[in-house]
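Beneath this line is the structure, given in structure tokens, with notes to follow.
The values are calculated or read from the model by the stated rules, or taken from the named source; none is laboratory data. Note that the coordinates shown come from a computational prediction; the quantities given were computed from them, not determined experimentally. Note that we place each Cβ from the backbone using ideal geometry, even for glycine, and neighbour counts take in every protein chain shown. Ligands, DNA and RNA are stripped out before the accessible areas are found, and what is left, the full protein with its side chains, is counted by its heavy atoms. Shrake-Rupley method; radii C 1.70, N 1.55, O 1.52, S 1.80 Å.
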Amino acid sequence: MSVQWICRVTNINEGLPKPSITSDTKGIVPLGKRIRLVCSITLAPNKKIEMTWKTLPNYQPADKNERIHVGQMIVVPHPELYNRDLATRELTIENATLEDKRTYRCEVSDGQYNVNYHSYRVNVRETSDDYVILSGMSHKAVINRKRNSNGEYKPIDIFVKYRSYPTNITYSWTRDDVMLIDGILGKYQMEHTENYVRLTINDPTVNDTGVYTTVVNAGSGTNQFSVQVYVHDKPSVVVTTYIFS
């Protein structure tokens with residue numbers, strides 16, 4: 001009598017790309033607010049897959065109840081990539097509680113033992129207040145700018161990271177409490193993405209030395225962040241001639 005062993009190998013990297021997870025809360029949601037996670041993956045046309053939402057630490061399928069809903073997987077032609085499909089599936093949680101503070105995993109498989117996944121950590125704040133969290137991307141509160149070897153000043157970029165609820169924000173910049181205007185005379189350029197706000201100072205001179213502050217608002221939440229900028233000119237020597245009679 002012989003015993004046969006069947007070895008099943010789960011292939012993480014072949015056959016399926018890694019899915020991605022996006023959130024309209026950036027991973028931090030106030031108590032009682034809504035959590036929305038979207039899993040997406042780019043596929044070859046007509047590629048058949050399964051997409052499952054799971055929760056850690058036990059990797060069980062996400063609960064479905066009056067607060068937690070897992071939508072159907074939707075597959076459409078990719079809006080940006082030719083001859084590719086885009087598959088998505090949402091996980092939404094209403095009225096977030098502290099029990100929802102955990103890691104959620106989106107797992108995809110194709111029925112041929114090819115599996116890949118992406119995990120996303122959700123934190124629930126112990127308050128229902130809207131919020132804004134700001135931090136410098138370079139972790140520097142002071143920027144010093146000197147002329148380069150060609151005697152020129154390069155533009156100064158000030159990046160400030162933000163996390164907020166809600167994610168839709170408004171913002172402004174000031175220098176020494178004087179409001180700056182985007183694009184005026186090409187001097188200042190302002191931009192914001194889902195991760196940061198940016199101020200660019202073009203053609204800086206010593207007159208641009210000062211304290212630059214951004215104020216970011218999200219819902220009823222607000223916060224500000226300041227950076228000291230020093231623009232240094234070349235040192236000069238003043239020669240004074242005295243004539244004595």
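Could you list, in sequence order, all residues of the stretch 61-107 that are of a type in the set (Val, Ile, Thr), in contact with a His (Cβ under 9 Å, 6 or more places away or on another chain) and crowded, with 17+ Cβ neighbours inside 10 Å? Let's see the steps before the verdict.
Step one: list which residues in the stretch 61-107 are of a type in the set (Val, Ile, Thr), which gives 68, 70, 74-76, 88, 92-93, 97, 103.
Those still in the list that are in contact with a His (Cβ under 9 Å, 6 or more places away or on another chain) too: 92-93.
Correct list: 93 only.
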Item to check | Flag if residue 156 is in contact (Cβ under 8 Å) with a residue 40 or more places away in the chain, open to solvent by less than 90 Å² (accessible area, probe 1.4 Å), closer than 20 Å to residue 233 by Cβ and under 23 Å from the mean Cα position of the chain (by Cα) | outcome: yes
Checklist entry - Which one of the conditions (1) free of Cβ contacts under 8 Å to residues at least 24 places away in the same chain; (2) open to solvent by 70 Å² or more (accessible area, probe 1.4 Å); (3) under 30 Å from residue 74 (Cβ atoms) does residue 168 fail to meet, given that it meets all the rest? => result (1)
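Go through the stretch 24-38 and count every residue that is within 18 Å of the chain's Cα centre (by Cα), open to solvent by less than 50 Å² (accessible area, probe 1.4 Å) and closer than 19 Å to residue 218 by Cβ.
In the first step, residues of the stretch 24-38 are kept if they are within 18 Å of the chain's Cα centre (by Cα); the result is 24-30, 35-38.
Of the ones still in play, those that are also open to solvent by less than 50 Å² (accessible area, probe 1.4 Å) are 25-30, 35, 37-38.
Add one more test, that the residue is closer than 19 Å to residue 218 by Cβ, and what stays is 25-30, 35.
Count: 7.
Can we say residue 41 is over 24 Å from the mean Cα position of the chain (by Cα), in contact (Cβ under 8 Å) with a residue 24 or more places away in the chain and surrounded by 14 or more Cβ atoms within 10 Å (Cβ to Cβ)? Spell out how you get there, then give the answer.
Values: over 24 Å from the mean Cα position of the chain (by Cα): no; in contact (Cβ under 8 Å) with a residue 24 or more places away in the chain: yes; surrounded by 14 or more Cβ atoms within 10 Å (Cβ to Cβ): yes.
In short, no.
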Next on the checklist: Pull out all pairs, ordered by first then second residue, where Cβ-Cβ is under 7 Å, the residues are six or more apart or on different chains, the first lies in the stretch 179-205 and is exposed (fewer than 12 other Cβ atoms within 10 Å of the Cβ), and the second is aliphatic (A, V, I, L, M).
Outcome noted: 205/231
Checklist entry - Can you tell which of 215, 142, 206 is hydrophobic (A, V, I, L, M, F, W, C), modelled with pLDDT of 95 or more and touching a strand residue (DSSP E or B) at 6+ places or on another chain (Cβ under 7 Å)? => result 215
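Looking at the stretch 216-228, is at least one residue of a type outside the set (Asp, Glu), without any contact (Cβ under 8 Å) to a residue 60 or more places away in the chain and either closer than 30 Å to residue 128 by Cα or open to solvent by 60 Å² or more (accessible area, probe 1.4 Å) (or both)? Reasoning before the result, please.
Here is the first cut: in the stretch 216-228, the residues of a type outside the set (Asp, Glu) are 216-228.
Filter again for without any contact (Cβ under 8 Å) to a residue 60 or more places away in the chain, leaving none.
So far as the stretch 216-228 goes, no, none of its residues is of a type outside the set (Asp, Glu), without any contact (Cβ under 8 Å) to a residue 60 or more places away in the chain and either closer than 30 Å to residue 128 by Cα or open to solvent by 60 Å² or more (accessible area, probe 1.4 Å) (or both).
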